[in-house]
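Below is one structure, written out as structure tokens; comments come after it.
The values are calculated or read from the model by the stated rules, or taken from the named source; none is laboratory data. Everything numeric in this text was worked out from a predicted model, so none of it was measured. We place every Cβ from the backbone using ideal geometry, glycine too, and count neighbours over all the protein chains shown. The accessibility values were calculated without ligands, DNA or RNA, using every heavy atom of the protein model including side chains. Shrake-Rupley method; radii C 1.70, N 1.55, O 1.52, S 1.80 Å.
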Amino acid sequence: MGQTLEEWLKTLKENDLLHVVNHEVSIHQVAKIVSDNYAKATLIQKIEGYDMRLAANTASNRKMIALALNVDEDQVVQELDRRCERRVPPVVVDDAPCKQVVKTGDEVDLTEFPLHLQHELDAAPYITASVAVARDPHLGVYNLGIYRLMLRTHNETGVDVTAPHKLRAYYRNALEMGKPLQVAVVVGLPTIDLLGAEMSAPFDVDEYEVLGGIRGEPVELVRCETMDLLVPANAEIVLECEMPPIGWSRDEGPYGEFTGTYGALKMNPVLRVKAITHRSNPIFLSATHGGRKPGWTDLHLLFPIIELDLYRSLRQAGIDVRGVRLHPGGCGMWAIASIRQRAVGDSKTALALLLTSSRQAFPKYAVVVDDDINIYDDEDVIWAMTFRSQPSEDAVILKDLKAIPLDPSLSTEREHVSTSKMGFDATVPLEAAKERFERCMPVERPPSSFKAEASDEEVLEMLEKPRYFGEMALNYSGHAYRQFLKVLGRLRETGVVARDNLGRYVRAVK
Ligand SMILES: Cc1cc2nc3c(=O)[nH]c(=O)nc-3n(C[C@H](O)[C@H](O)[C@H](O)COP(=O)(O)O)c2cc1C
């Protein structure tokens, strides 16, 4: 059936990535509990007035994404690249645990779910880890994507479907025909499935096949009760809905966005819930956005997908890219890539691609470093930016690019905004004198055999070619090392040994 949310929470727990709250809490404490424990997922066992557990923040850092893909953190992009190549068709099953409770008509009541207010000024509580499942009206292929749902009534929510998502295109089509669009909303999937749902496939590809490829096994699907749609059998909760053909006509928002700021009040379509099905003891899943630590939220579901776009575009351009990372500090708006330069121009080309080639208009800032820099070590990256770049030569600013409208720094004077973006080339120029950039690393010699004695003859033999001090000294230890120091000092004093302009020791020319 595929992993369940319960099983995923167990894995998080085993890896010290789950905070469990066993005592009863008020619904109004949920946001703070989740936010205070931002580095982990949270499972709340009992909420006053609700008969349901709540989990949140289950894909909120790179460790969790790596764990879901079963790889190390620095291998996430490469692994996703490999899994995205696969298409695994789904299979249909007759029954599933998400059918243990079925409610239709008057029984439908969204307030049975622990819908907590996430941010102080949100318009209402939101259903946030909600995977919308819909079918292309012409091709019949399935599309999956996460869309936040604002509670409007016990059986209606607002939905914010922004361009250029396929669900928006499907809805436009239904609107033109004056018909409702059928949408199933799945709540309570493990992180691997949320990641699969966030992959954007070409319009004619069935995203259940993509999800199967990401999982590495067919997705088991079960038929909805009231509509002709299939949903994942491992779901906790399914809302069978339709989007009536009323267009963008109902108020929705504001809502605390991924940027850590509020989005505007908008006019949006709605979802009407026809039926609710769920497990007998379901876990309600909530996704986090914004808040005090906006880089530690379920926005991390998008990071590897954008990183993959960037990784692929650099490779396509013939750049030897070694790693790409979206930085949580800028909510994904900073990308750092390490490359091995092969030709003059590689680093600036990489910058231009990083700033322009993701479908989602991420990132706004980019840094390119050489592959001796650890892109997961912020100090290492800032060191490279400091000592391997000259702002007047290595900062690149591009203007009038595609923007993420939620960025509050954008101009409010124009209706259609564009953004400027900035890149930093922090690589050592290919033609630069390499020794100026040599990093002074601590001496490290694995203990192995050392020479027993140091003599003039032996030192002079080593100096058949110029050598740095360490190249010679590391051959000796203890007493022999002290002897070597004296031998070298004497040979210097007597003018037998001199130094070249790189500081290496050489035999003196007579
Ligand atoms: C936690 C989370 C919440 C999201 N909420 C929304 C949303 O409310 N509206 C929206 O248009 N996109 C939202 N997205 C982005 C889409 O789900 C995502 O781009 C998806 O891939 C779109 O599917 P498509 O590209 O196959 O059409 C959200 C993403 C995440 C990770």
Picked from region 422-438 (must be open to solvent by 50 Å² or more (accessible area, probe 1.4 Å) and of a type in the set (Asp, Glu)), the residue nearest to the chain's Cα centre (by Cα) is 438
By residue number, the members of region 303-318 that are more than 16 Å from the ligand (Cβ to nearest atom) and aliphatic (A, V, I, L, M) are 314, 317
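When you check residue 144 against the structure, is it near the ligand (Cβ under 7 Å from one of its atoms) and part of a helix (DSSP H, G or I), yes or no?
For residue 144, the condition - near the ligand (Cβ under 7 Å from one of its atoms) and part of a helix (DSSP H, G or I) - is not met.
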Q) Can you spot a residue in region 161-177 that is part of a loop (DSSP other than H, G, I, E, B) and more than 14 Å from the ligand (Cβ to nearest atom)? A) no
Condition set over 31 Å from the mean Cα position of the chain (by Cα) and among the hydroxyl-bearing types (Ser, Thr, Tyr), scope region 223-257, selection surrounded by the fewest Cβ atoms within 10 Å (Cβ to Cβ): answer is 249
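So, in region 343-381, how many residues would count as being closer than 13 Å to residue 423 by Cα and either away from the ligand (no atom under 16 Å from the Cβ) or free of Cβ contacts under 8 Å to residues at least 60 places away in the same chain (or both)? So that I can check it myself, show each step before the final result.
Of all residues in region 343-381, those closer than 13 Å to residue 423 by Cα come to 347-356, 362-369.
Subsequent filtering for residues that are either away from the ligand (no atom under 16 Å from the Cβ) or free of Cβ contacts under 8 Å to residues at least 60 places away in the same chain (or both) retains 347-356, 363-369.
Result for region 343-381: 17.
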Of those in region 487-504 that are exposed (fewer than 14 other Cβ atoms within 10 Å of the Cβ) and in contact (Cβ under 8 Å) with a residue 24 or more places away in the chain, the residue nearest to residue 437 (Cα to Cα) is 502
Within region 405-427, residues in contact (Cβ under 8 Å) with a residue 60 or more places away in the chain and assigned to a loop (DSSP other than H, G, I, E, B) come out as 406, 407, 408, 427
**Prompt:** Do we find that residue 260 is open to solvent by 20 Å² or more (accessible area, probe 1.4 Å) and within 16 Å of the ligand (Cβ to nearest atom) in this structure?
**Reply:** yes
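Can you tell me which residue among 68, 56, 41 is free of Cβ contacts under 8 Å to residues at least 40 places away in the same chain, buried (at least 21 other Cβ atoms within 10 Å of the Cβ) and within 16 Å of the ligand (Cβ to nearest atom)? Step through it out loud before you land on a result.
On the way: 68 fails: free of Cβ contacts under 8 Å to residues at least 40 places away in the same chain; 56 fails: free of Cβ contacts under 8 Å to residues at least 40 places away in the same chain.
41 is the lone residue from the list that is free of Cβ contacts under 8 Å to residues at least 40 places away in the same chain, buried (at least 21 other Cβ atoms within 10 Å of the Cβ) and within 16 Å of the ligand (Cβ to nearest atom).
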Would you confirm whether or not region 82-90 contains a residue that is free of Cβ contacts under 8 Å to residues at least 40 places away in the same chain, within 22 Å of the chain's Cα centre (by Cα) and away from the ligand (no atom under 16 Å from the Cβ)? yes
(Q) So, residue 385, is that one of a type in the set (A, V, I, L, M, F, W, C), within 16 Å of the ligand (Cβ to nearest atom) and buried (at least 17 other Cβ atoms within 10 Å of the Cβ) or not? (A) no
Listed by first then second residue, the pairs whose first member lies in region 295-308 and is outside any loop (DSSP other than H, G, I, E, B), whose partner is modelled with pLDDT of 95 or more and basic (Lys, Arg), with beta carbons under 7 Å and at least 6 positions apart or on separate chains, are 300/62; 307/325
Expected single match for open to solvent by 100 Å² or more (accessible area, probe 1.4 Å) and β-branched (Val, Ile, Thr) among 419, 412 is 412
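Conditions (1) at pLDDT 95 or above; (2) under 26 Å from residue 260 (Cβ atoms); (3) not acidic (Asp, Glu), marked per residue:
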{"site": "392", "(1), (2), (3)": "yes, no, yes"}
{"site": "395", "(1), (2), (3)": "yes, yes, yes"}
{"site": "399", "(1), (2), (3)": "yes, yes, yes"}
{"site": "413", "(1), (2), (3)": "no, yes, no"}
{"site": "416", "(1), (2), (3)": "no, yes, yes"}
{"site": "420", "(1), (2), (3)": "yes, yes, yes"}
{"site": "427", "(1), (2), (3)": "yes, no, yes"}
{"site": "433", "(1), (2), (3)": "no, no, yes"}
Conditions (1) near the ligand (Cβ under 8 Å from one of its atoms); (2) open to solvent by less than 20 Å² (accessible area, probe 1.4 Å) -> residue 130 fails only (1)
Reported set for region 181-199 where residues are β-branched (Val, Ile, Thr), within 13 Å of the ligand (Cβ to nearest atom) and part of a helix (DSSP H, G or I) is 191
Among residues of region 319-339 being open to solvent by less than 20 Å² (accessible area, probe 1.4 Å) and assigned to a loop (DSSP other than H, G, I, E, B), the residue farthest from the ligand (Cβ to nearest atom) is 319
- Return yes or no: is residue 30 more than 23 Å from residue 298 (Cβ to Cβ), modelled with pLDDT of 95 or more and of a type in the set (A, V, I, L, M)? no
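Mind listing whichever residues of region 7-34 are closer than 17 Å to residue 114 by Cα and either without any contact (Cβ under 8 Å) to a residue 40 or more places away in the chain or open to solvent by 40 Å² or more (accessible area, probe 1.4 Å) (or both)?
20, 21, 22, 23, 24, 25, 26, 28, 29, 32, 33
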- Query: Does residue 73 meet the test of being more than 26 Å from the chain's Cα centre (by Cα) and surrounded by fewer than 16 Cβ atoms within 10 Å (Cβ to Cβ)?
  - Reply: no
Residue pairs qualifying under the 7 Å Cβ cut-off, at least six apart or on distinct chains, with the first in region 461-480 being at negative phi and the second being open to solvent by less than 60 Å² (accessible area, probe 1.4 Å) and of a type in the set (Asp, Glu), are 466/500
